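The values are calculated or read from the model by the stated rules, or taken from the named source; none is laboratory data. Not measured: the values here are computed from a predicted model. Cβ coordinates were reconstructed from backbone atoms using ideal geometry, including for glycine residues, and neighbour counts include every protein chain displayed.
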Amino acid sequence: MGQTLSEPVREKHSANGGDARLIYAVSEMQGWRISMEDAHTALLRLENKAQKEGYSFFGVYDGHGGPNIAKYSGSNLHKRISHDDAFVRGELRASIMSGFLGLDEDLKTHPDFKNDPSGCTAVVALITPDNHILVGNAGDSRAVISVRGEAQPLSNDHKPHNKDESDRINKAGGFVEFGRVNGNLALSRAIGDFEFKQNAGLDAKEQIVTAHPEVKEFTIDPETEFIVLACDGIWDCLSSQDVVAFIRQEISKNADLTQACENLMDRCLAPGSDLGGVGCDNMTVIIVGFLQGRTEKEWYEWIKERVDAGIGPTLSEEALRPSPSLLFQPFASEEHALDLEILSEELKGADVKGGEDDIASQNEFHIEEDISGKEDISGRETQGDVTKIVRGELKGDDLRGSEGGIAAQKEVVNKNDSSGGGIRGETGGKTGGETGGEIGGKTGGEIGGPARTPFDTEIIAAPVGRKTGGETGGKTELK
């Protein structure tokens, strides 16, 4: 996970609109992150080379390593798609694919982005005059459609541990380590990220990381209610079905789409950032409702009547909890958890350089683990929490700060033994390793003395306030 503020930025930037076919709302919130790197597009009327009426376009772009690629994509991807020759011929799927790859090539050769290390996901929905939706996706932002209250996926999350993705990565000369591309990037398709697109002997679709989108098509029918596009700051906290159920529930309480977007982000926002990860990311969400001959008022009444009549799934027990559990709650969506092979791996204090935002902050599935957080701001915007799986005993493993200290120490819980593996800095770090007591063993650490990273980030020891398994943690604050 990336650097966080001492308090989240809860201010929301929202917009809404509608016409005879659609109503929509979009909202974004910076949250705990030190900057806002998301971007979005919401166009009821998409201008296009064919000068055809009735096309609408919506997109969410989740930036990493900086906001520039995301902002450029939000301003230009729809133009690339709608002015492609394939769009004029009515070949919409081909125009989306060409638009993604063409925009990526534009950025690669653009002088303003020559040394820009950033990248972004992109999930876009093109809505046609004849009630078709085409969704293009590269990365782990997501599109979901509500049909009778049931969430139907319109995109796949592109994660490095997915077999098709890892096969391409390996063939292109890369590797997957700790669930990340080359141990760095937490997603396997993106616009930008040109350091992973350097193999001159390969097509753009075959690079280690590619902007080539998957495109899915859906036909709107009388049971279709709305579509949701959002970044993983939402999907990491709630499952697709729970997001749909939450929005329907908000509408049943007389919320409009803007309020539903804003309330959804508040629901996903973590109550604290000491442990990082889930609920600490930037958040952007778009909801588009399909009127299908109804007025806006009639559409809201229609959704409310359906919810009141019990049509469609309700919120899960997990989603009804008051706030996300930042350490021991399983991910709401299995796509965001690393596979069992990675979970079983023992990470030997390896340095994982930051990429997107959610490095293996794995949750346990019948695993006794040691979670030792380490941040090393190196080349990219984030360095996530490294999770080390411990079976049996700690074996005295430690993590050393790169220049005089430790970025963070998280709780250690080991049911079998707690043999006092300490965390120490090479200069100026102070650690107390304590063993004892609860759940078969408790390890606490105390990190003293400000530590410095190569980027002059001050590391301040801060208590986590969790009693089961340790009471230490680190919090990163910018100078």
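Confirm whether Lys52 is surrounded by 15 or more Cβ atoms within 10 Å (Cβ to Cβ) and farther than 30 Å from Glu296 by Cα.
no
What are the residue pairs meeting all of these: first residue in region 94-109, first residue surrounded by fewer than 17 Cβ atoms within 10 Å (Cβ to Cβ), second residue assigned to a helix (DSSP H, G or I), Cβ atoms under 8 Å, and 6 or more apart or on different chains?
Close Cβ pairs satisfying both conditions: Ala94/Ala86; Glu105/Ala204; Asp106/Asn76; Asp106/Arg80; Lys108/Phe194.
With the requirement that a residue be hydrophobic (A, V, I, L, M, F, W, C) and crowded, with 24+ Cβ neighbours inside 10 Å, what does region 266-277 give you? I'd like the intermediate steps shown before the answer.
Going through region 266-277, the residues hydrophobic (A, V, I, L, M, F, W, C) turn out to be 268-270, 275.
Listed by number, the residues that qualify are Cys268, Leu275.
Would you check which residues across region 28-63 are part of a strand (DSSP E or B), under 22 Å from Gly277 (Cβ atoms) and polar (S, T, N, Q) and list them?
Step one: list which residues in region 28-63 are part of a strand (DSSP E or B), which gives 28-33, 38-43, 56-63.
If we keep only those that are under 22 Å from Gly277 (Cβ atoms) too, we end up with 28-33, 38, 60-63.
Hit for region 28-63 is Gln30, nothing else.
Could you tell me which numbered condition Val307 fails, if it satisfies all but one of (1) out of contact with any helix residue (DSSP H, G or I) (no Cβ under 6 Å at 6 or more places or on another chain); (2) in a helix (DSSP H, G or I)?
(1)
How about region 43-69: which of its residues are touching a residue at least 60 places away in the same chain (Cβ under 8 Å), among the aliphatic types (A, V, I, L, M) and within 28 Å of Phe226 (Cβ to Cβ)?
Leu46, Val60, listed by residue number.
In region 130-146, which residues are charged (D, E, K, R) and in contact with a strand residue (DSSP E or B) (Cβ under 7 Å, 6 or more places away or on another chain)? Lay out the reasoning, then the answer.
First pass over region 130-146, keeping only residues charged (D, E, K, R): 130, 140, 142.
Matches in region 130-146: Arg142 only.
Conditions (1) within 21 Å of Asp62 (Cβ to Cβ); (2) in contact (Cβ under 8 Å) with a residue 24 or more places away in the chain; (3) surrounded by fewer than 24 Cβ atoms within 10 Å (Cβ to Cβ); (4) touching an Asp or Glu at 6+ places or on another chain (Cβ under 8 Å), marked per residue:
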{"site": "Asn137", "(1), (2), (3), (4)": "yes, yes, no, yes"}
{"site": "Arg142", "(1), (2), (3), (4)": "yes, yes, no, yes"}
{"site": "Gly149", "(1), (2), (3), (4)": "no, yes, yes, yes"}
{"site": "Gln152", "(1), (2), (3), (4)": "no, yes, yes, no"}
{"site": "Asp157", "(1), (2), (3), (4)": "yes, yes, yes, yes"}
{"site": "Asn162", "(1), (2), (3), (4)": "yes, yes, yes, no"}
{"site": "Arg189", "(1), (2), (3), (4)": "yes, yes, no, yes"}
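With (1) touching a residue at least 40 places away in the same chain (Cβ under 8 Å); (2) surrounded by fewer than 24 Cβ atoms within 10 Å (Cβ to Cβ) as the list, and Glu250 as the residue in question, which single condition is left unmet?
Exception for Glu250: condition (1).
Working carefully through the options Val278, Val244, find the one that is within 20 Å of Glu318 (Cα to Cα), part of a loop (DSSP other than H, G, I, E, B) and in contact (Cβ under 8 Å) with a residue 60 or more places away in the chain.
Values: Val244 fails: part of a loop (DSSP other than H, G, I, E, B).
Answer to the selection: Val278.
Residue-wise test of (1) at pLDDT 95 or above; (2) within 30 Å of Ala20 (Cα to Cα); (3) in contact with a strand residue (DSSP E or B) (Cβ under 8 Å, 6 or more places away or on another chain); (4) among the basic types (Lys, Arg).
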{"site": "Met97", "(1), (2), (3), (4)": "yes, yes, yes, no"}
{"site": "Thr128", "(1), (2), (3), (4)": "yes, yes, yes, no"}
{"site": "Arg148", "(1), (2), (3), (4)": "yes, yes, yes, yes"}
{"site": "Asn162", "(1), (2), (3), (4)": "yes, no, no, no"}
{"site": "Gly174", "(1), (2), (3), (4)": "yes, no, yes, no"}
{"site": "Arg180", "(1), (2), (3), (4)": "yes, no, no, yes"}
{"site": "Ile191", "(1), (2), (3), (4)": "yes, no, yes, no"}
{"site": "Lys197", "(1), (2), (3), (4)": "yes, no, yes, yes"}
